[in-house]
Amino acid sequence: METGLVQKNLYATWNQPYLYEYLLVVNLTKEVSDEVTMEKQALFKQFGDKIPIMTKPHITIASFLAREAMEETILRYIQRICSEQSAFDVMLNNFSGFPPDTIYIRVQDPQPFKQLAKELKPVREYIRSCSCPPVMLITNPHVTIARSLNEDVYLKALLQYSQKTFHQIFTVNELVLLRRINQFDSCKSINVFQLKPAIHN
């Protein structure tokens, strides 16, 4: 969703009522999530822009549209993929922006996320074979602080946040699949997929 994959609805114009939107995400640990939420609240308090929908902070790996009847097969594919992937550490390091409207926290090493996206090829092919829109995969993993800002607020916030620091490390042990019926619906958790325990030397 830009050079990366911004956590917003990719399919806002979809008009097929039988299609659900799915998001495959990494949730942050409570400690890191609380700190990110404080940053979100501070930004909107300072700049006085519209109050954001306070979604739980996360990192999106993939977004796609699919029919509910496809869900069982999709779950099997993702379960198999996750069972072969090891847990990994994520370092969040400072702020940046996606023009024209998004402020985010950078992921220092995007490679584990890109590897996960690559492994989702069977899911992509299955969804394509069912005549659904293409799966959108992450290319620039990040944690969104604010999106849909007006241009003025975005430029002011980017100038300030580019000089701020943020540093947290957490371990990804699982992925979560979310679903909603349309862009006005709230996301509901459909399944949690455990990764293999990390092997430490």
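Values in this text are rule-based calculations from the coordinates and carry no lab data. None of these values were measured; they are calculated from a predicted model. In this analysis, Cβ positions are derived from the backbone assuming ideal geometry, glycine residues included, and neighbour counts consider all displayed protein chains.
Normalised by residue count, the stretch 22-133 yields a Cα convex hull volume of 142 Å³ per residue.
In a DSSP loop and with at most 16 other Cβ atoms within 10 Å, the trypsin sites (Lys or Arg not before Pro) in the stretch 121-189 are LYS164. Take every pair of alpha-carbon atoms less than 8 Å apart whose residues are at least six positions apart; their mean separation over the length of the chain yields a relative contact order of 33 percent. Its residues counted as N, the chain yields a C-alpha radius of gyration over 2.2 N^0.38 Å of 1.03. So what's the net charge close to ASN173: Lys and Arg +1, Asp and Glu -1, counting the other residues with Cβ under 15 Å from its Cβ? Once positives and negatives cancel, what remains is -2.
Estimated at 0.36 nm per residue, the fully extended path between LYS56 and ASN150 surpasses their Cα-Cα distance by 31.6 nm. Each residue in MET136, MET38 was given a count of other beta-carbon atoms within 10 angstrom of its own, and listing them fewest first yields MET38, MET136. If the chain linking SER83 and THR171 were pulled fully straight, counting 0.36 nm for each residue of separation and taking away their Cα-Cα distance, it would gain 30.1 nm.
The stretch between MET91 and GLN108 holds 5.6 nm of extra length on full extension. This uses 0.36 nm per residue minus the Cα-Cα distance. In terms of its Cα atoms, the stretch 71-181 spans 45, 31, 20 Å along the principal axes, sorted from long to short.
Distance between the 7 Å Cα→Cβ label points at THR37 and LYS121: 4.0 nm. Taking one quarter of the surface of the convex hull spanned by the alpha-carbon atoms of the stretch 136-201 gives a direction-averaged projected area of 7.8 nm². The calculated 222 nm mean residue ellipticity attributable to helices in the chain amounts to -9000 deg cm²/dmol, summing -39500 (n - 2.57) over DSSP H runs of n ≥ 4 and dividing by all residues.
For PRO134, the shell of other residues with beta-carbons less than 9 Å away shows a net charge of +2, using +1 for Lys and Arg and -1 for Asp and Glu.
The local environment of LEU28, defined by Cβ-Cβ distances under 15 Å, has a net charge of -2 under the rule Lys, Arg +1 and Asp, Glu -1.
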